[in-house]
Amino acid sequence: MAVTSPLNPADRFLLRSAGALPALKESDFRDLADGARGIRLERGECLFQQGEAAEAVFFVLQGWVSLQRDQADGTRTVIKIVGPGESIGEALLAPGTRYPLGAEAVCPVRLAKMESMRLRALIAANPSLGLSVLAASCRQLAGLVDQIEHLKSWPIERRLADMLLQMCQCAEGACCFNLPVEQNVIAARLAVTPPTLSRVFRKL
């Protein structure tokens, strides 16, 4: 079960770099952060379900969340794995919208939750925040276009290397790190089978 709490100073520091927020004035950021709540999920817990009313926007502070779409025949497709500094749901701020995907924690995760109604009120009072949210949505759309291109034109070795670089926290040089999510999740995101992914890991 999700555990919620007020944002602590460390959470606020992480939130400051998330999604559309770095460009905000400090006073505007304080208004937004004051209305946010921290959420902690364990691996396998659901953040929201596909088709559920989109009543909140989320910012990943720590950990990774899988965005996935379920078909009527039970098939599940992993669309994206969202990590620290990324946001979820800001493109769904209009009243009455629903989440087109489900979201699930693929490892222990902590997020900041902002109610959509409050965020809409902040945007109405501060148009510059609305422009920041729009810019973040455009970046996400561009990222999905890149993802489609990569799936169609990049070999699996290059797609895996690109994902590992996204997960690596080192700024430069060689580094060693543990995968933050299970290999079957990575395989689903890269549209390959787990045995194929294992062979590519060995090849790299």
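The values are calculated or read from the model by the stated rules, or taken from the named source; none is laboratory data. Here the structure is a predicted model, which means the values were calculated and not measured. Cβ placement follows ideal geometry from the backbone for every residue including glycine, while neighbour counts extend to all protein chains displayed. Please note that ligands, DNA and RNA were not included when accessible areas were found on the heavy atoms of the full protein model with its side chains. Shrake-Rupley method; radii C 1.70, N 1.55, O 1.52, S 1.80 Å.
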Overall Cα dimensions of region 1-102, principal axis frame, Å, largest first: 48, 29, 21
With the dipole of region 1-112 worked out from charges on the C-beta (+1 for Lys and Arg, -1 for Asp and Glu) around the Cα centre, which of ALA54, CYS107, LEU92 lies farthest toward the positive end? CYS107
Largest-first semi-axes in Å of the equivalent ellipsoid built from the Cα gyration tensor of region 104-145 are 23, 18, 7
Residue-span extension gain [ARG76 to PHE201] - 0.36 nm each, minus C-alpha spacing: 42.6 nm
Pull the list of the chain cysteines that no other Cys approaches to under 4.7 Å, Cβ to Cβ. CYS46, CYS107, CYS138, CYS168, CYS176
What size of dipole, in debye to the nearest 20, comes out for region 93-144 about its Cα centre when the only charges are +1 on Lys and Arg C-beta atoms and -1 on Asp and Glu C-beta atoms? 80 debye
Beyond 16 Å, what share of the Cα-Cα pairs of region 70-174 is found? Please give it as a whole percent. 71 percent
Order the following by accessible area, largest value first: PHE201, PHE48. Probe radius 1.4 Å; ligands, DNA and RNA are ignored. PHE201, PHE48
Relative contact order [Cα under 8 Å, 6+ residues apart], the chain, whole percent: 23 percent
Where nothing but the Cβ of Lys and Arg (+1) and of Asp and Glu (-1) is charged, how large is the charge dipole of region 1-93 around its Cα centre, in debye to the nearest 20? 240 debye
Report, ordered by chain and residue number, the aspartates and glutamates lying within cross-link reach of LYS80, taken as a straight Cα distance under 17 Å and ignoring same-chain residues fewer than 8 apart. GLU45, ASP70, GLU90, GLU104, ASP146, GLU149, ASP162, GLU182
Note to self: with every protein chain in place and a 1.4 Å probe, the chain gives an accessible area per residue in Å² of 55 Å²
With the dipole of the chain worked out from charges on the C-beta (+1 for Lys and Arg, -1 for Asp and Glu) around the Cα centre, which of CYS175, VAL133, ALA121 lies farthest toward the positive end? CYS175
So for each of 154-166, 173-185 I average, over its residues, the number of other beta carbons within 10 Å; can you give me the resulting order with the highest mean first? 154-166, 173-185
Between GLN49 and GLU115, Cβ-based FRET efficiency (R0 22 Å, step 0.05) works out to 0.80
How big is the charge dipole of region 46-204 about its Cα centre, in debye rounded to the nearest 20, if each Lys and Arg gets +1 on its Cβ and each Asp and Glu gets -1 on its Cβ? 220 debye
Pairing the Cα long axis of helix 194-203 with the longest principal axis of the chain, what angle in degrees results, from 0 to 90 and rounded to the nearest 10? 70 degrees
Using the basic label-point model (7 angstrom from Cα toward the beta carbon), what is the VAL3 to ARG158 distance in nanometres? 4.4 nm
For region 137-183, Rg(Cα) over 2.2 N^0.38 Å is 1.33
Sorted by average packing, counted as other Cβ atoms within 10 angstrom per residue and highest first, what order do 92-99, 55-62, 27-34, 72-79 take? 55-62, 27-34, 92-99, 72-79
Thinking of the chain as a set of Cα atoms, what percent of all their pairs are more than 25 Å apart? 40 percent
